[in-house]
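*Asks:* What follows is a structure written as structure tokens; I'll ask about it next.
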Amino acid sequence: MTTKLFGEPVRRREDARLITGRGRYLDDIGAGALAAAFVRSPHAHARIVDVDVDAALDVEGLVAIYTYEDLTGPLAEPLPVLIPHPQLHAPRTGYPLANGEVNHVGEPVVMVVATDRYVAEDAAERIAVTYEELPVVVGVDASRAAQHAVHEEIPDNVAARHHQETGDVEPALAAAPHTLSFTQYVERSACMPLEGKGVHARWDADDRSLRVHTSTQASTSVRAAIAAKLQLSLDEVEVIAPDVGGGFGVKIVHPWPEELLVPMAAIALGREVKWAEDRREHFISSAHERQQRQEVSVGFDDDGRITALDVHIWHDNGAYTPYGIIVPIVTATQLVGPYVIPVYRVVVESVYTNTVIVTPYRGAGRPQGCFAMERTMDRIADALGLDRAVVRERNLIQPDQFPYDHHLTFQDGRPVIYDSGDYPALLEKLKALVGWDGVGALRDDAEARGKLLGAGMALYVEGTGPGPYEGGHVQVLGSGKVLVSTGLTTQGQGHETSFAQIVASELGVPIEDVEVTTGDTRRFPYAVGTFASRAAVMSGNAIALAARGVREKALRIAADVLEADPGDLQIEDGVVQVRGTPGASIPLRTVAVLSNPLRYAFDEAAKQATQFATHDDTKPPVAPGDAPGLEHRDYYSPLRSTFASGAHAAVVEIDPATWEIDVVNYAVVHDCGNVVNPMIVEGQVHGGVAQGVGGALYERMAYDADGQLQNASFMDFLMPYASEVPDIVIDHQQTPSPLNPLGIKGAGEAGVIPGSAALASAIEDAVGRRITSMPISPTELYDLMRSETAERTAALDRRTGVGA
Amino acid sequence: MKPAPFRYADPRSVPEALEVLAAEEGAKVLAGGQSLLPLLSMRLAAPATLVDLNRVPGLDTVEVTGDGVRVGALVRHAGLLTHGGAARVQPLLARATANVAHPAIRNRGTTVGSIAHADPAGEMTSVLALTGGSVTVASPSGERVVGWRDLFVGPLETSLPAASVVTSAFFPALPPRSGTAFAEVARRRGDYAVCGAGVVVTLDEDRRVAAVRASYVSVGLTPEVHDLTDAVAGSPVEKADWAAAGALARTLVEPDGDLHASADYRRLLVGVLTERTLTSAADEAVERTPA
Ligand SMILES: Cc1cc2nc3c(=O)[nH]c(=O)nc-3n(C[C@H](O)[C@H](O)[C@H](O)COP(=O)(O)OP(=O)(O)OC[C@H]3O[C@@H](n4cnc5c(N)ncnc54)[C@H](O)[C@@H]3O)c2cc1C
């Protein structure tokens, strides 16, 4: 088989294992471990008056109960503020177990360890916690009104005021021929990986070592956090992410309380301890995202070209800010999308509420930014009576403007400079793919069938692959097997396949010989993590560099043996040969054997490398500066992020009797630079679109005024099933990134970003009523259509025949 | 999300099951487990004993006669859905079960279990009411037949004493010159309905509308049958104003709002689904009425 696999739709090698039950997820580990369960706060805001564990003590099988009082040293301190920022002026984090106060329903108060999870829950149920309830703050508007404070010492509830501007926006707005101002909302949703979080810890007292498996997106950093919090030396702790059943952002947050408490208990008890999060716990004690109130003012000329944009956002960050203000920054900086915005000012106020913490969920603030920008485009088009595609087209950054500097500072602390792209071509492809110019005819056809049809589009640019770095290690064994490892983690993205493709292509070996390991600190201890669409960009490039290092060394050794010039050698199908000289070759596995001079022959192959088999006695067996073994470790650290882009269009049909919304066509044009594996990229896009549709039409976190999450189960939190996800048509465009050796841009989050914007636009187009908040369900659409205050679009008045 | 401790009994006969149910306070029947086990896992219910019916022989049959369809306590929704004989005698059964959850749940969940569960969001409680059906109940004092009106007391509440087993449900046959239809709106395919409607239209020998009845899903606290005849009585079927029947239905129901639908929206759907189902039920009634 060919070894040039980069760019080929190679089937995912991990799938057979994962879909036939041979995956090894967290709960598959440690069958005999003790189980942990938690008593969690039933109140959104309360002081803890008393914790009475007496009734639990006689539960048979109970092993231990821990409260805040049992935490010592750094464990008794607040959890870290992972990403500090000068504009995060009032950060707050919780404790591993609540210390006197709870700030959201679900906050852990007591940990119970028992012989199994059933018994642990029996005991937890008997623990009586007395609370004194405090006033509750739910939602951005209540937080902003600040009638009550989430944290007493922060009376205005504002954690951060993030502010960026590229010019003097007020005079620019005043000078604009036209202006529009409006307010809109995006609701909360959540990552909802099918596997919740989970931790298993085993302490080897003889070896003084702790092995932790955790369902994480960042095993190296969890390791550092455990060592710091439990006061262990880093070398005493190893952390492994086993197969992980989805992350989507929630597992990048760390250390979760359980990631510290489970190891703590394992050490204290000298027993294996495991906690596997259940679905209700995941709803009320993991993380959510997306709620924002957005106030937008835009100035534009007669052609619809934007002259100034002023955006003020209130971002609900929940009860604590362990992940800093990453989501606000991403919204603020990615909002501008593929457009030239001559003067831009953005303020994002990140505010506390008595709800589950808010941390990145696939898209991480971009869907909201896209919603602000794209709905602005729709409004400009509506005001001027222009086609929505035309307004967008007129505002696009042109291909000759790259690198394009927005004069903003991104989430990695580096400038927002777009490296490459072709946005007009993207838009053209999208229009062709969805049949934009034929929507009028579709609308007539739908009307004849008694349906309201509408189309919408949304474009985005996504900063991907932020640093600081990732590394890769490639090693050829004497068996010919190629071991590849990188420290970042995998949650189902297919890294075992795409990373293997990169190595097979770079090294010239069959992909079957390549084995990839991710997220295991025993194999690769330096890493950042999997988030921000960075795995292919960061680890992909690091692994490619490592493979190139191996290749160079292999050629050097082979050149010696073959008495040829390294420049005349090539590697194909795992064999090094002199170009154009058949027979003058040596298998790579033999090169690997020879790379490690031996005294002892443990098998036939090894004999070739022993002292009496090799002859050159003019040099030491290992030359100065060289190392034994055919392996190489390398790192990729980018100057700044690389910017992928895309455009989505949706066509919806609405039943004007029941107000059901059917997405009948969904088109995606996607540009992530050079593509390692188009099948995997399309899969990522499909998954993203599914989550985009979920966020637009189905999902919300239904908190009541008391801070109780009313839909904390899959019965009532409506993730779309496969049957709700539309068929998706995809077209690709490739503008390689000049920033990295492989020319890759990230693809992980793209699919989700424009969903709400495109669908809001399509629904608005169908019904002629302004959509100012998402998601929207049939019952809400019915309310909107009956509302006397709902704004009719100008486009509707240019048409006829729509009513409730 | 693990159940509290419970004792498990797996009797081999109905009398044996009743013995356990009578002897142990807080004992509960387990059928397909598709409603009961989630309640246990969320610790919303903690019965001391589960009496598993699944090994009791003879409860898994569908008996079809000219009078109607008798569905045994262990017949799964999937079994009823695909039972051709049952569909011929009472077409509503297959039409409604097709809307119950997803295949995986229909393969385990029982139709009788869903009636015993008395969930006003369940399709089959509503169908039992609309067809004028009943259940046969075994208890230590013997066996009796309980009509649907006497069965449903409130949401998730029946009139049956704790020590009883519903051995079967009986759905009377579709009367002559009648047609039925069933439709629902759910947020996602297979979800409990936001609103569902089942209707029966009966014509007279001149193909005029003689009777119209409807029953709804997820509307009200218990299943009810609404007589909509007044809106269309005596009208030649092809001219019947089904929209008027829908409008009448809207005035008769008292839906509640929840996370997924306001009361108003449910009322809207009652009207729309009534009109739509009546239109297709009327077609079937015409087919079944000799010209
Ligand atoms: C994801 C999901 C979606 C669903 N969607 C729907 C839907 O759309 N529509 C719908 O109608 N249902 C739905 N269901 C419920 C499903 O139809 C169940 O099968 C049904 O409600 C109960 O039947 P069961 O056999 O599983 O009963 P079980 O769960 O075993 O029992 C339910 C209750 O009935 C009692 N009971 C059961 N059988 C008897 C008997 N013979 N005598 C006396 N008492 C008895 C039990 O004691 C218990 O209280 C859904 C379930 C799930 C998990």
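*Asks:* State which residue is surrounded by the fewest Cβ atoms within 10 Å (Cβ to Cβ) when the search covers only the range A:70-110 and only residues that are more than 17 Å from A:VAL358 (Cβ to Cβ) and among the charged types (D, E, K, R).
*Replies:* Among residues in the range A:70-110 that are more than 17 Å from A:VAL358 (Cβ to Cβ) and among the charged types (D, E, K, R), the one surrounded by the fewest Cβ atoms within 10 Å (Cβ to Cβ) is A:GLU77.
*Asks:* Could you list, in sequence order, all residues of the range A:276-290 that are of a type outside the set (Phe, Trp, Tyr) and either within 14 Å of chain B (Cβ to nearest Cβ) or open to solvent by 30 Å² or more (accessible area, probe 1.4 Å) (or both)?
*Replies:* Result: A:ALA276, A:GLU277, A:ASP278, A:ARG279, A:ARG280, A:GLU281, A:HIS282, A:ILE284, A:SER285.
*Asks:* How about the range A:703-725: which of its residues are within 14 Å of chain B (Cβ to nearest Cβ), more than 23 Å from the chain's Cα centre (by Cα), among the hydrophobic types (A, V, I, L, M, F, W, C) and in a loop (DSSP other than H, G, I, E, B)?
*Replies:* A:MET715
Yes/no matrix, rows are residues, columns are (1) assigned by TED's automatic domain parsing to the domain that holds A:PHE643; (2) open to solvent by 10 Å² or more (accessible area, probe 1.4 Å); (3) outside any loop (DSSP other than H, G, I, E, B); (4) of a type outside the set (A, V, I, L, M):
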position: A:TYR323; (1), (2), (3), (4): yes, yes, no, yes
position: A:ALA332; (1), (2), (3), (4): yes, no, yes, no
position: A:ARG345; (1), (2), (3), (4): yes, yes, yes, yes
position: A:TYR361; (1), (2), (3), (4): yes, no, no, yes
position: A:GLU374; (1), (2), (3), (4): yes, no, yes, yes
position: A:ASP378; (1), (2), (3), (4): yes, no, yes, yes
position: A:ALA381; (1), (2), (3), (4): yes, no, yes, no
position: A:VAL390; (1), (2), (3), (4): yes, yes, yes, no
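*Asks:* Among the residues of the range B:110-135, write down those that are open to solvent by 10 Å² or more (accessible area, probe 1.4 Å), more than 10 Å from the ligand (Cβ to nearest atom) and not in a loop (DSSP other than H, G, I, E, B).
*Replies:* Matches in the range B:110-135: B:SER134 only.
*Asks:* So is B:ALA162 open to solvent by 20 Å² or more (accessible area, probe 1.4 Å), part of a helix (DSSP H, G or I) and within 13 Å of the ligand (Cβ to nearest atom) or not?
*Replies:* Taking the combined requirement at face value, the residue does not satisfy it.
*Asks:* Please tell me if A:GLN734 is without any contact (Cβ under 8 Å) to a residue 40 or more places away in the chain, touching an Asp or Glu at 6+ places or on another chain (Cβ under 8 Å) and away from the ligand (no atom under 16 Å from the Cβ).
*Replies:* No.
*Asks:* Continuing with this model, one more query. Looking at A:ASP765, A:ASP783, which one is buried (at least 22 other Cβ atoms within 10 Å of the Cβ) and charged (D, E, K, R)?
*Replies:* A:ASP765
*Asks:* When you check B:ALA233 against the structure, is it among the aliphatic types (A, V, I, L, M), more than 14 Å from every other protein chain (Cβ to nearest Cβ), surrounded by fewer than 17 Cβ atoms within 10 Å (Cβ to Cβ) and more than 25 Å from B:ALA101 (Cα to Cα), yes or no?
*Replies:* yes
*Asks:* Then there is this: Can you name every one of the strands (runs of 3 or more DSSP E) wholly within the range A:539-640 that holds 1 or more residues which are in contact (Cβ under 8 Å) with a residue 40 or more places away in the chain, open to solvent by 50 Å² or more (accessible area, probe 1.4 Å) and outside the structural domain of A:LEU739 (by TED's automatic domain parsing)?
*Replies:* Strands (runs of 3 or more DSSP E) meeting the threshold: A:569-572, A:630-636.
*Asks:* Being more than 14 Å from every other protein chain (Cβ to nearest Cβ), open to solvent by 20 Å² or more (accessible area, probe 1.4 Å) and not hydroxyl-bearing (Ser, Thr, Tyr): is that true of A:ILE728 here?
*Replies:* Yes; evaluated as a whole, the condition is true for this residue.
*Asks:* Okay, next question. Tell me the residue from A:ALA696, A:ALA650, A:ALA667 that is modelled with pLDDT of 95 or more, within 19 Å of A:VAL186 (Cβ to Cβ), crowded, with 19+ Cβ neighbours inside 10 Å and more than 14 Å from chain B (Cβ to nearest Cβ), please.
*Replies:* Checking each option against the conditions leaves just A:ALA650.
*Asks:* Here's another thing I want to ask about it. Counting only residues that are within 16 Å of B:PRO140 (Cα to Cα) and open to solvent by less than 60 Å² (accessible area, probe 1.4 Å), give me the strands (runs of 3 or more DSSP E) lying completely in the range B:1-70 with at least 1 of them.
*Replies:* B:27-30, B:49-52
*Asks:* Here are some conditions: (1) touching a residue at least 60 places away in the same chain (Cβ under 8 Å); (2) out of contact with any strand residue (DSSP E or B) (no Cβ under 9 Å at 6 or more places or on another chain); (3) away from chain B (no Cβ under 14 Å). A:ALA372 meets all but one. Which one does it not meet?
*Replies:* (2)
*Asks:* Using beta carbons and a limit of 8 Å, which pairs, at least six apart or on different chains, have the first residue in the range B:7-28 and touching a residue at least 12 places away in the same chain (Cβ under 8 Å) and the second one acidic (Asp, Glu)?
*Replies:* B:ARG7/B:GLU24; B:TYR8/B:ASP52; B:ALA9/B:ASP52; B:ASP10/B:ASP52; B:PRO11/B:GLU19; B:PRO11/B:ASP52
*Asks:* Tell me whether the range A:789-799 contains one or more residues that are outside the structural domain of A:ALA544 (by TED's automatic domain parsing), surrounded by 23 or more Cβ atoms within 10 Å (Cβ to Cβ) and touching an Asp or Glu at 6+ places or on another chain (Cβ under 7 Å).
*Replies:* Within the range A:789-799, not a single residue is outside the structural domain of A:ALA544 (by TED's automatic domain parsing), surrounded by 23 or more Cβ atoms within 10 Å (Cβ to Cβ) and touching an Asp or Glu at 6+ places or on another chain (Cβ under 7 Å).
*Asks:* Looking at the range B:143-153, is at least one residue buried (at least 16 other Cβ atoms within 10 Å of the Cβ), more than 8 Å from the ligand (Cβ to nearest atom), not assigned by TED's automatic domain parsing to the domain that holds B:ALA186 and not in a helix (DSSP H, G or I)?
*Replies:* Within the range B:143-153, one or more residues are buried (at least 16 other Cβ atoms within 10 Å of the Cβ), more than 8 Å from the ligand (Cβ to nearest atom), not assigned by TED's automatic domain parsing to the domain that holds B:ALA186 and not in a helix (DSSP H, G or I).
*Asks:* Among the strands (runs of 3 or more DSSP E) contained in the range A:195-263, which hold 1 or more residues that are among the hydrophobic types (A, V, I, L, M, F, W, C) and within 24 Å of A:GLU69 (Cβ to Cβ)?
*Replies:* Fully inside the range A:195-263 and qualifying: A:198-204, A:209-214.
*Asks:* Tell me whether the range B:18-34 contains one or more residues that are within 13 Å of the ligand (Cβ to nearest atom) and within 14 Å of chain A (Cβ to nearest Cβ).
*Replies:* Within the range B:18-34 (the criterion being within 13 Å of the ligand (Cβ to nearest atom) and within 14 Å of chain A (Cβ to nearest Cβ)), the answer is yes, since at least one residue qualifies.
*Asks:* Here's a follow-up. Of the conditions (1) open to solvent by less than 30 Å² (accessible area, probe 1.4 Å); (2) over 14 Å from the mean Cα position of the chain (by Cα); (3) within 11 Å of the ligand (Cβ to nearest atom), B:ASN107 clears all except one; give me its number.
*Replies:* Unmet condition: (1).
*Asks:* Continuing with this model, one more query. Could you please give the count of residues in the range B:186-222 that are surrounded by 24 or more Cβ atoms within 10 Å (Cβ to Cβ), assigned to a strand (DSSP E or B) and within 14 Å of chain A (Cβ to nearest Cβ)?
*Replies:* Result for the range B:186-222: 5.
*Asks:* Any residue in the range B:39-57 that is touching a His at 6+ places or on another chain (Cβ under 7 Å) and away from the ligand (no atom under 11 Å from the Cβ)?
*Replies:* no
*Asks:* Under 7 Å between Cβ atoms, at least 6 apart or on separate chains: pull out the pairs that start in the range B:142-160 with a residue that is away from every other protein chain (no Cβ under 14 Å) and more than 21 Å from B:VAL14 (Cβ to Cβ) and end on any residue that is assigned to a helix (DSSP H, G or I) and more than 13 Å from the ligand (Cβ to nearest atom).
*Replies:* B:TRP148/B:ALA129
The values are calculated or read from the model by the stated rules, or taken from the named source; none is laboratory data. Everything numeric here is computed off the predicted structure, so don't read it as measured data. Don't worry about glycine lacking a Cβ; one is built from the backbone with ideal geometry, like all the others, and counts go over all protein chains shown. These accessible areas exclude ligands, DNA and RNA; they are computed on the full protein's heavy atoms, side chains included. Shrake-Rupley method; radii C 1.70, N 1.55, O 1.52, S 1.80 Å.
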